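Trainee: The structure is given below, and queries will be raised subsequently.
The values are calculated or read from the model by the stated rules, or taken from the named source; none is laboratory data. Note that the structure is predicted; figures quoted are calculated from it, not measured. Cβ: placed from backbone, ideal geometry, glycine included. Neighbour counts: every protein chain shown. Heavy atoms of the whole protein, side chains included, go into the accessibility calculation; ligands, DNA and RNA do not. Shrake-Rupley method; radii C 1.70, N 1.55, O 1.52, S 1.80 Å.
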Amino acid sequence: MSALKSITAFLTAAVVSASVGVAYSQGVTQSIKGSGQDLPELGSPANAAISLDDEYHAGLGFVAEIRKSGIILTDPEISQYAQEIGHSLSSHAEEGQHQFYYFVIRDPEVNAFAIPGGFVAIHSGLILATRNENELAGVLAHETAHVTQRHIVRQIMDQSHEGLLASAAMLAAVLLGATAGRGSPDAIEGAILAGQSAMIQHQINYTRSSEFEADRIGISTMSEAGYDPLGVASFFDYMGHTGPEPSRVNAVQFLIDHPIFSDRVAEAQDRANQIGRIHHEDSLSYLLIRERLRTIAGDPQLALQYYNNLLKNGGGKTIQERYGKAVAQIGVRNPAAAIPELQALVQEYPKVTQFYGALGQAYMANNQPKESGAVLEQAMILFPRNTAITIRLAETLMHSGDNKRAHMVLLDLFNNVEPTPDQTRLIAKAASTAGDFADSYSYMAEFYLMTGNLQMAINQLQLALTLPGLDAVQRARYSARLEEVRGWLPKKNRDTVADDRTGNNGHY
């Protein structure tokens, strides 16, 4: 794919993907180079239609580049919550063709954005800015609607009629401005002003209709999922009047010129009134994850100061604030101070998984692996195959040298729950340290498939097949997977990788 078409494909996705705050992923995506996978030429006017498979592989490439930037949060509790609330919405979407993956990135901006193929990125700043779970669900339902309505694809096809080169020139200027200015509003504004005014106005008009459609469909989706449909209007109103620092919110209008907040609020309120209010109380997971993010996505020292200030002013005593302070104490490397509070929380609320996970984490940070293992083993009995608990236990087991058991508990989990790429890499590490090298190569092949690198996936499967001692089932399984993956390569690349058995260990 040419660099021009690659830039066009990405930036069209970035411009359409909308939320309340920012509509691009701050300079973290580029052309996919050296991955062995040609992304579909989404910007080509020759394409009368773009298949869902092409859309997915394009999105996979974009997510791979975001992953390379290191801003995707891999914290198991945060990842689990993002998937849970996301799937509560996507399971009620109007169509079932996309398989959705929701993830959180470390970024204080108030934002979430959709990526082609069913990927939805959530900024940590968005979760912290929402006042209740209905508001967060409203934004994510909106982004989910962008995917189900294929707004990104529709805009790419629409742009082909306006001239691919003109679109690419304007959008490339935006990318350069965003990258050079590290996402600053001034840089974005300057880049846009350098673009062609006719193209910008066309972009504004098309995006406006997409935004209203995503609002309407998103409100219906969230109500079907049991959230209060007024959450969308509530959050827009909050952002427009009393929300976070205005430049964070309003700078995006220079890029995509979202409809005026009051217009969106009025229509969202009207739609919610037609559906009727739904009583939805915040889940405890939402409340706890908001507090966890203060430390995980921010400065642990500032987070601890925040909780200490709450206590000085007579606050800081809610269940989520007690948990948040303990997480902050672990973050500033004072886990001994966190252990008594977490022990008390486990005793008071024995059905809350997050307290067991944090206590196990605190014990590990305090060099008490035996105590960590005991707490997490107890949690595994109470909450079998809970993703976050299982990962915490596996980490403790690996630290203690029980790599075989770590491999087994992760394998049991991931035979029943689809892992994320980072979780797949973790089980590859567990298998490797346990001496199960063939399985480790196989898992790493799946990791590379999840992150869009077909050549490296092939390489790992070839390495697995070179190992002595494989049984007939393993050899048949790896060989079948290898042929399947080779079939996905562009035809011009197949011969170049067919006999490539070079490579190395340790990619996990």
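Trainee: I'm trying to understand the selection: among the residues of the range 381-410, which are surrounded by fewer than 17 Cβ atoms within 10 Å (Cβ to Cβ) and touching a residue at least 12 places away in the same chain (Cβ under 8 Å)?
Mentor: Those that are surrounded by fewer than 17 Cβ atoms within 10 Å (Cβ to Cβ) and touching a residue at least 12 places away in the same chain (Cβ under 8 Å): 382, 385, 399, 400, 404.
Trainee: I've got another one for you. What do you reckon, is residue 328 more than 16 Å from residue 76 (Cβ to Cβ), among the hydrophobic types (A, V, I, L, M, F, W, C), touching a Gly at 6+ places or on another chain (Cβ under 7 Å) and surrounded by 24 or more Cβ atoms within 10 Å (Cβ to Cβ)?
Mentor: no
Trainee: Could you check the range 379-422 and list, in sequence order, the residues that are on the phi > 0 side of the Ramachandran plot and not charged (D, E, K, R)?
Mentor: Scanning the range 379-422 gives a single hit, 401.
Trainee: In the range 454-483, what count of residues is obtained for those that are open to solvent by 30 Å² or more (accessible area, probe 1.4 Å), over 23 Å from residue 404 (Cβ atoms) and within 32 Å of the chain's Cα centre (by Cα)?
Mentor: Qualifying residue count, the range 454-483: 6.
Trainee: Taking only the range 213-241 into account, find how many residues are open to solvent by less than 40 Å² (accessible area, probe 1.4 Å) and at pLDDT 85 or above.
Mentor: Matching residues across the range 213-241 total 19.
Trainee: Looking only at the range 334-386, filter to residues that are under 26 Å from the mean Cα position of the chain (by Cα) and aromatic (Phe, Trp, Tyr); which one of those is nearest to residue 288 (Cα to Cα)?
Mentor: Applying the filter and picking the extreme gives 355.
Trainee: Here's something else I'd like to know. Is it the case that some residue within the range 91-108 is open to solvent by 10 Å² or more (accessible area, probe 1.4 Å) and part of a helix (DSSP H, G or I)?
Mentor: Looking for residues that are open to solvent by 10 Å² or more (accessible area, probe 1.4 Å) and part of a helix (DSSP H, G or I), one finds none in the range 91-108, hence no.
Trainee: Kindly list the number of the only condition in (1) over 22 Å from residue 418 (Cα atoms); (2) not in a helix (DSSP H, G or I) that fails for residue 125.
Mentor: Just one mismatch for residue 125, condition (2).
Trainee: Considering only residues that are open to solvent by less than 50 Å² (accessible area, probe 1.4 Å) and among the acidic types (Asp, Glu), look in the range 411-442 and name the one that is farthest from the chain's Cα centre (by Cα).
Mentor: 436
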